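Visitor: Below is the structure I would like to discuss, written out as structure tokens.
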Amino acid sequence: MAQRFYDTKTATVRDFVPLTEGEVSLYYCGATVQGMPHVGHVRSAIVFDILIRWLEYTGLKVTSVRNVTDIDDKILEKSAASFGEDFEEDDLYPAEEPWFALAYRFEQEFARAYATLGVRRPTYEPRATGHIPEMLALIARLVEAGHAYPATDGSGNVYFEVRSWDSYGELTRQRLEDMQDAPDADPRGKRDPRDFALWKGAKDSDPATALWDSPWGRGRPGWHLECSAMATKYLGKHFDIHGGGLDLRFPHHENELAQSAAAGDPFAEFWLHNGMVTYAGEKMSKSVGNTISPEQMLEQARPKAVRYFLGQAHYRSQLDYRPTSLQEAQSAVERIEAFLDRGADVVAEAQLQREEAAAVAASLSGQGDGAEPEAVYVAQFSSVPTAFRAAMEDDLNVPQALAVLHDAVRAGNSALAAEDVEAVEQHYADVQAMVDVLGLDDVPEPESAQDPAAQHALDTLIRAQLDARAAAREARDWATADGIRDTLAAAGVVVEDSAGGARWSLQ
């Protein structure tokens, strides 16, 4: 099967063929850094992280761009509020914080959230404020082409004229007459209420540090303009994929497409949009009180389980959070880890036996006297299962891919029980390959909450008990061995016997 994706613009699932053979260019919208990351931000990042990992697994070189919107009305408003007489300072919003400091602080919070959940850094992560020249050049092209106009009221605003572009609305398949007015806070000098701002002229309330010179007067860029300028800066005028959350389709992505195409750029070949996160079937709302943040999720479950939950649904579908969701995700992750942990011992033991057998064979053949030994066989299975590949090629069907993963875990556990070493090796390699593609092995584990000295002392004491149990088993004193195991179990210590010896973990 060829790689296929659902393209929002054509509303069809179609074959994906990179514009440049062997390479993929991908832009997906990052955050407006006005506050802490919410669960929707993180889900989108995980979706596109899995996409990138899969494309790279198939042998493609991926150039990825995720922007940072670090200048915006809300950023300026929150900064201005921090200088107000009635402002109440707290840990999240300190008093008298300049807009650029606020934006940078929250940018770091996003970076921390992404890293915690194993989302890799993109190839480029440009900030809007670092690309003003490219934005001014794009505006000039649009003005010259007759698709943008400076306001005549002296405000310094420049607008995209939606009626000048016949294809406006093609991404979301809307008629202009049915669209709402563009939500600009400053509508000075518009010809049509649906025209959107490319450049926002300076206002008395704007800090001098948030203004740049332009042919139309000092001001700052509009939100939609920023992404068009940054995408083409790093990926060229025609690139493979533009992605983002479903809530960005209109007006943000619709406006990006219109202004880029009107300027003569082919822009994105595919548009991919991930679905939203709901709470027990309802839209999340602070006023209703049915929200959950990434921080709250990480208080309830390990980062790997949070990533598993946020990545488990089909990217285009709604992901519904319920109070038991993270527990279920954690159980799923632990089943995978338990098999990999046990399977690793079997694989290592099998490899050791092959090496020992090869050494004996070399010795008997006389190669042990300085002759070059024959290569030792090493079991290698580098490919994901065919069913997993088919699922991922079918519009990145992660739920079906996870079903293949868990089938492999169950088959692997059956092989362990049957002591079928060859089957264990195959299933172990399959599971490890799938886990790698899904990024579950790249999630850093949090440092133990225990003091290192206390952890060492606990391990030493338990190891002494396990050594005593091993000695009792060697002497066939089963009563003593079982008694030690029962004592440890009563203290919450789980003992697992393996070819490499007994291992312990806390319940």
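Visitor: Do we have any residue at all in the range 157-169 that's part of a helix (DSSP H, G or I), farther than 23 Å from His253 by Cβ and over 30 Å from the mean Cα position of the chain (by Cα)? Show your work before the answer.
Guide: Start the filter on the range 157-169 by keeping residues that are part of a helix (DSSP H, G or I), which leaves 162-164.
If we keep only those that are farther than 23 Å from His253 by Cβ as well, we get none.
No.
Visitor: Restricting to the range 405-437, count the residues that are assigned to a helix (DSSP H, G or I) and either more than 21 Å from the chain's Cα centre (by Cα) or of a type in the set (Lys, Arg) (or both). Write out each step before concluding.
Guide: First, the residues of the range 405-437 that are assigned to a helix (DSSP H, G or I): 405-418, 421-437.
In the following step, the residues that additionally are either more than 21 Å from the chain's Cα centre (by Cα) or of a type in the set (Lys, Arg) (or both) were identified as 406-418, 421-430.
Qualifying residue count for the region: 23.
Visitor: Quick check: anything in the range 89-99 over 27 Å from Val306 (Cβ atoms), surrounded by fewer than 17 Cβ atoms within 10 Å (Cβ to Cβ) and among the hydrophobic types (A, V, I, L, M, F, W, C)?
Guide: Pass one, the range 89-99, residues over 27 Å from Val306 (Cβ atoms): 89, 94-99.
Next cut, surrounded by fewer than 17 Cβ atoms within 10 Å (Cβ to Cβ) only: 89, 94-96, 98.
This time we only want the ones that are among the hydrophobic types (A, V, I, L, M, F, W, C), so: 95.
Yes; the residues of the range 89-99 include at least one that is over 27 Å from Val306 (Cβ atoms), surrounded by fewer than 17 Cβ atoms within 10 Å (Cβ to Cβ) and among the hydrophobic types (A, V, I, L, M, F, W, C).
Visitor: Continuing with the same structure: May I ask you to list the residues in the range 264-308 that are touching a helix residue (DSSP H, G or I) at 6+ places or on another chain (Cβ under 6 Å), part of a strand (DSSP E or B) and farther than 18 Å from Thr324 by Cβ?
Guide: Phe267, His273, Asn274
Visitor: Has the range 298-309 got at least one residue that is of a type in the set (Ser, Thr, Tyr), in the same structural domain as Ala408 (by TED's automatic domain parsing) and within 30 Å of Trp504 (Cα to Cα)?
Guide: To start, the set of residues in the range 298-309 that are of a type in the set (Ser, Thr, Tyr) comprises 308.
Applying the additional criterion that residues be in the same structural domain as Ala408 (by TED's automatic domain parsing) yields none.
No, the conditions are met nowhere in the range 298-309.
Visitor: Still on this structure, please answer the following. Looking at the structure I just gave you, is Ala401 over 15 Å from Ala338 (Cα atoms), free of Cβ contacts under 8 Å to residues at least 60 places away in the same chain, within 24 Å of the chain's Cα centre (by Cα) and in the same structural domain as Phe339 (by TED's automatic domain parsing)?
Guide: Numbers: over 15 Å from Ala338 (Cα atoms): yes; free of Cβ contacts under 8 Å to residues at least 60 places away in the same chain: yes; within 24 Å of the chain's Cα centre (by Cα): yes; in the same structural domain as Phe339 (by TED's automatic domain parsing): yes.
It is true that Ala401 is over 15 Å from Ala338 (Cα atoms), free of Cβ contacts under 8 Å to residues at least 60 places away in the same chain, within 24 Å of the chain's Cα centre (by Cα) and in the same structural domain as Phe339 (by TED's automatic domain parsing).
Visitor: Scan the range 11-19 and tell me whether some residue there is farther than 17 Å from Gly311 by Cβ, of a type in the set (Phe, Trp, Tyr) and not in a strand (DSSP E or B). Don't jump to the end; show me each part of the working.
Guide: Step one: list which residues in the range 11-19 are farther than 17 Å from Gly311 by Cβ, which gives 11-19.
Narrowing further to those that are of a type in the set (Phe, Trp, Tyr): 16.
Subsequent filtering for residues that are not in a strand (DSSP E or B) retains 16.
Checked against the condition, which is being farther than 17 Å from Gly311 by Cβ, of a type in the set (Phe, Trp, Tyr) and not in a strand (DSSP E or B), the range 11-19 yields at least one hit.
Visitor: Further question on the same structure: Looking at Asp178, is it under 30 Å from Ala305 (Cβ atoms) and modelled with pLDDT under 95? Can you show your working first?
Guide: Details: under 30 Å from Ala305 (Cβ atoms): no; modelled with pLDDT under 95: yes.
For Asp178, the condition - under 30 Å from Ala305 (Cβ atoms) and modelled with pLDDT under 95 - is not met.
Visitor: For the range 351-362, indicate whether the set of residues that are modelled with pLDDT of 95 or more and assigned to a helix (DSSP H, G or I) is non-empty. Lay out the reasoning, then the answer.
Guide: So the first thing to find is which residues in the range 351-362 are modelled with pLDDT of 95 or more, and the list is none.
No, the conditions are met nowhere in the range 351-362.
Visitor: Report those helices (runs of 4 or more DSSP H) wholly inside the range 63-154 carrying at least 1 residues which are farther than 18 Å from Ser214 by Cβ and more than 30 Å from the chain's Cα centre (by Cα). First the steps, then the outcome.
Guide: Numbers: elements: 73-81, 99-116, 132-144.
Of the helices (runs of 4 or more DSSP H) lying wholly inside the range 63-154, those with at least 1 residues that are farther than 18 Å from Ser214 by Cβ and more than 30 Å from the chain's Cα centre (by Cα) span 73-81.
Visitor: Let me ask another. Quick one: Gly281 ticks every box in (1) surrounded by 17 or more Cβ atoms within 10 Å (Cβ to Cβ); (2) in contact (Cβ under 8 Å) with a residue 24 or more places away in the chain bar one, so which box is it?
Guide: Result: Gly281 passes all but (1).
Visitor: Shifting gears a bit: Looking at the range 118-125, is at least one residue touching a strand residue (DSSP E or B) at 6+ places or on another chain (Cβ under 9 Å), closer than 15 Å to Ala45 by Cβ and crowded, with 19+ Cβ neighbours inside 10 Å?
Guide: Checking the range 118-125: at least one residue is touching a strand residue (DSSP E or B) at 6+ places or on another chain (Cβ under 9 Å), closer than 15 Å to Ala45 by Cβ and crowded, with 19+ Cβ neighbours inside 10 Å.
Visitor: While we're here: Within the range 131-148, can you find the residues that are in contact with a Pro (Cβ under 8 Å, 6 or more places away or on another chain) and under 13 Å from Ser260 (Cα atoms)? Step through it out loud before you land on a result.
Guide: Within the range 131-148, the first condition is being in contact with a Pro (Cβ under 8 Å, 6 or more places away or on another chain), and the residues that meet it are 132, 135-136, 140, 143.
Of everything in the range 131-148, those that are in contact with a Pro (Cβ under 8 Å, 6 or more places away or on another chain) and under 13 Å from Ser260 (Cα atoms) turn out to be Met135, Ala140, Val143.
Visitor: Can I ask one more? When you check Gly22 against the structure, is it within 30 Å of Asp436 (Cβ to Cβ), surrounded by fewer than 13 Cβ atoms within 10 Å (Cβ to Cβ) and either not charged (D, E, K, R) or not assigned by TED's automatic domain parsing to the domain that holds Tyr114 (or both), yes or no?
Guide: Details: within 30 Å of Asp436 (Cβ to Cβ): yes; surrounded by fewer than 13 Cβ atoms within 10 Å (Cβ to Cβ): yes; either not charged (D, E, K, R) or not assigned by TED's automatic domain parsing to the domain that holds Tyr114 (or both): yes.
Answer is yes for this residue.
Visitor: Scan the range 396-439 residue by residue and report those that are touching a His at 6+ places or on another chain (Cβ under 8 Å) and within 20 Å of Arg316 (Cβ to Cβ). Spell out the reasoning first.
Guide: Keep residues of the range 396-439 that are touching a His at 6+ places or on another chain (Cβ under 8 Å), which gives 396-399, 408-409, 411-412, 415.
Across the range 396-439, the qualifying residues are Leu396, Asn397, Val398, Pro399.
Visitor: For the range 315-358, enumerate the residues that are in contact with a Gly (Cβ under 8 Å, 6 or more places away or on another chain) and farther than 28 Å from Ala418 by Cα. It would help to see each step written out before you state the result.
Guide: Filtering the range 315-358 for residues in contact with a Gly (Cβ under 8 Å, 6 or more places away or on another chain) gives 315-320, 339, 343, 345, 348-349.
Listed by number, the residues that qualify are Tyr315, Arg316, Ser317, Gln318, Leu319, Asp320.
The values are calculated or read from the model by the stated rules, or taken from the named source; none is laboratory data. On a predicted model such as this, the values are computed, not experimentally measured, just so you know. A quick note on method: Cβ atoms are made from the backbone with ideal geometry, for glycine too, and the neighbour counts reach across all protein chains shown.
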